[in-house]
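Enquirer: Structure incoming, see below.
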Amino acid sequence: MGCKGSEVRILSLRPIKTDTYVAPAGAFCVFRGVRQTFRTLDIVSDMENQQTKSILTVALMAAFADGLKDERERESVRKLAEAFATEASIDLPALYREVLLAQPDLAEVVKPLDTPGLRQYAYEMAVGVVNSDGSQNAAEAAFLARLAAALQLPTTAADSVAQQASAIADAAVEPSRPASPTGAASAASAPTAVAGTVLGKPDLSDTELDKTILNASITNAALELLPESIASMAIIPLQLRLVYRIGKAYGYEMDTSHAKDFIATLGVGLTSQYVEQMGRKLLGGLLGGLGGGLGRSLGRQAASSGLTFATTYAIGRVAQRYYAGGRTLDAAMLKQTFASLLAEARGMAPKYQAQIERAAQTIDTRKLVEMVKEG
């Protein structure tokens with residue numbers, strides 16, 4: 001059909017109706033293009049919603065793969081689903097209940113993931129979730145094997161992702177001693193002093209410790225800006241590494257369980273934190289980028305990056321006070337101090353946005369293990 005001036009019938013989208021309009025020359029091509037564009041956007045939006053729901057379901061299934069026996073983590077994930085409910089077109093609280101109670105069939109869950117990139121991303125996200133609180137256990141490994149089969153991923157690709165994630169998780173601290181009871185403030189799990197050190201007197205100056213905390217916060221915020229899921233896998237290990245280094249600086253023997261228990265006592269769930277990071281990227285439109293488009297995630301990623309900066313900074317500051325004071329702060333005081341410092345750090349984040357963006361441009365995701373070890 002030509003584009004000469006003529007009487008044309010213009011279709012609106014919702015509800016479908018027709019109007020008569022005398023179009024000037026060339027107008028019909030424009031209206032037809034707009035109509036097709038909006039229909040395409042509707043289809044793309046619906047597909048992306050299905051794909052986002054699919055990947056978030058996989059993430060929640062990964063979080064519960066080992067039963068999520070830690071009640072603090074279970075509660076953190078539940079609260080996260082409720083918090084996201086106001087931001088998403090997906091009913092996340094209902095999705096949380098479905099995963100927890102109905103245990104959806106993996107093959108059905110992953111059906112909307114119709115490209116190799118989406119399937120790979122879903123698997124990488126699941127690997128990140130199960131490794132967020134340390135290397136995966138047998139139940140989590142079995143879940144990942146079933147997921148890889150459902151996604152029809154090549155064994156070599158799946159194994160490569162799992163190995164990278166485990167290496168990053170293991171790089172946070174020295175090998176752990178046998179696990180002790182949870183709760184950073186409990187005497188049983190508290191790190192012991194190193195012989196010959198003076199507690200309360202760090203082997204680093206205040207200036208050096210300040211710089212260590214700030215650099216870790218900037219690095220983690222920069223990692224959050226990167227689209228690669230492997231980059232987000234390094235954020236929690238770097239937070240653990242920060243606590244580990246601060247404790248060691250004040251003369252305490254540290255291992256993985258001490259650092260994890262400390263962060264958990266602050267009310268920061270390791271699994272829920274990773275799910276939140278990736279959930280914000282997905283809800284921000286990351287799938288548009290994976291599909292070849294520009295995505296809609298820049299604004300949300302910047303906000304999420306700021307939150308990661310604030311969380312890391314507050315963790316470091318509380319750790320500094322805790323170990324400098326001889327670990328005398330109880331759990332309630334740790335949580336209160338963390339909440340106060342988190343609010344303060346959120347206000348600081350915009351000041352460092354330029355540094356965060358520059359740092360993001362220099363990160364080589366092939367060297368994340370070395371980055372964590374040097375953290």
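Enquirer: Can you pull out every residue in the stretch 249-261 that is within 18 Å of Leu204 (Cβ to Cβ) and either under 23 Å from the mean Cα position of the chain (by Cα) or hydroxyl-bearing (Ser, Thr, Tyr) (or both)?
Expert: Start the filter on the stretch 249-261 by keeping residues that are within 18 Å of Leu204 (Cβ to Cβ), which leaves 249-254, 259.
Correct list: Tyr250, Tyr252, Ala259.
Enquirer: Taking the conditions exactly as written (in contact (Cβ under 8 Å) with a residue 60 or more places away in the chain and either over 24 Å from Ser205 (Cβ atoms) or among the β-branched types (Val, Ile, Thr) (or both)), does Thr328 satisfy them or not?
Expert: Numbers: in contact (Cβ under 8 Å) with a residue 60 or more places away in the chain: no; either over 24 Å from Ser205 (Cβ atoms) or among the β-branched types (Val, Ile, Thr) (or both): yes.
Considered against the rule, which asks whether it is in contact (Cβ under 8 Å) with a residue 60 or more places away in the chain and either over 24 Å from Ser205 (Cβ atoms) or among the β-branched types (Val, Ile, Thr) (or both), Thr328 comes out as no.
Enquirer: Okay, next question. So is Glu276 crowded, with 18+ Cβ neighbours inside 10 Å and modelled with pLDDT under 95 or not? It would help to see each step written out before you state the result.
Expert: Values: crowded, with 18+ Cβ neighbours inside 10 Å: yes; modelled with pLDDT under 95: yes.
It is true that Glu276 is crowded, with 18+ Cβ neighbours inside 10 Å and modelled with pLDDT under 95.
Enquirer: Something else now. Whether any residue in the stretch 225-233 is touching a strand residue (DSSP E or B) at 6+ places or on another chain (Cβ under 8 Å), in a loop (DSSP other than H, G, I, E, B) and at negative phi is what I want to check. Talk me through it step by step, then tell me what you get.
Expert: First, the residues of the stretch 225-233 that are touching a strand residue (DSSP E or B) at 6+ places or on another chain (Cβ under 8 Å): none.
Within the stretch 225-233 (the criterion being touching a strand residue (DSSP E or B) at 6+ places or on another chain (Cβ under 8 Å), in a loop (DSSP other than H, G, I, E, B) and at negative phi), the answer is no, since none of the residues qualifies.
Enquirer: Cβ-Cβ below 7 Å, separation at least six or inter-chain, first residue in the stretch 346-373 and modelled with pLDDT of 95 or more, second polar (S, T, N, Q): which pairs?
Expert: Matching pairs, first to second residue: Ile356/Ser305; Ala359/Thr219.
Enquirer: Consider Gln301 against the criteria (1) modelled with pLDDT of 90 or more; (2) within 13 Å of the chain's Cα centre (by Cα): it satisfies all of them except one. Which criterion is unmet?
Expert: It is condition (1) that Gln301 fails.
Enquirer: Just to verify a result, which residue in the stretch 129-173, among those that are modelled with pLDDT under 90, surrounded by fewer than 20 Cβ atoms within 10 Å (Cβ to Cβ) and part of a loop (DSSP other than H, G, I, E, B), is farthest from the chain's Cα centre (by Cα)?
Expert: Among those residues, the one meeting the criterion is Asn137.
Enquirer: Could you list, in sequence order, the residues of the stretch 80-128 that are modelled with pLDDT of 85 or more and in a loop (DSSP other than H, G, I, E, B)?
Expert: Across the stretch 80-128, the qualifying residues are Pro104, Asp105, Val110, Lys111, Pro112, Leu113, Asp114, Thr115.
Enquirer: Separate question: I need a count of the residues in the stretch 300-325 that are under 21 Å from Lys248 (Cβ atoms), without any contact (Cβ under 8 Å) to a residue 60 or more places away in the chain and aliphatic (A, V, I, L, M).
Expert: The total comes to 2.
Residue-wise test of (1) at pLDDT below 90; (2) of a type in the set (S, T, N, Q); (3) within 24 Å of Ser132 (Cβ to Cβ); (4) surrounded by 14 or more Cβ atoms within 10 Å (Cβ to Cβ).
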site: Gly183; (1), (2), (3), (4): yes, no, yes, yes
site: Ala193; (1), (2), (3), (4): yes, no, no, yes
site: Asp203; (1), (2), (3), (4): yes, no, no, no
site: Leu209; (1), (2), (3), (4): no, no, no, yes
site: Ser232; (1), (2), (3), (4): yes, yes, yes, yes
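The values are calculated or read from the model by the stated rules, or taken from the named source; none is laboratory data. Everything quoted here is computed from the prediction, not taken from an experiment. Reconstructed Cβ throughout: ideal geometry from the backbone, glycine too, with neighbour counts over all protein chains shown.
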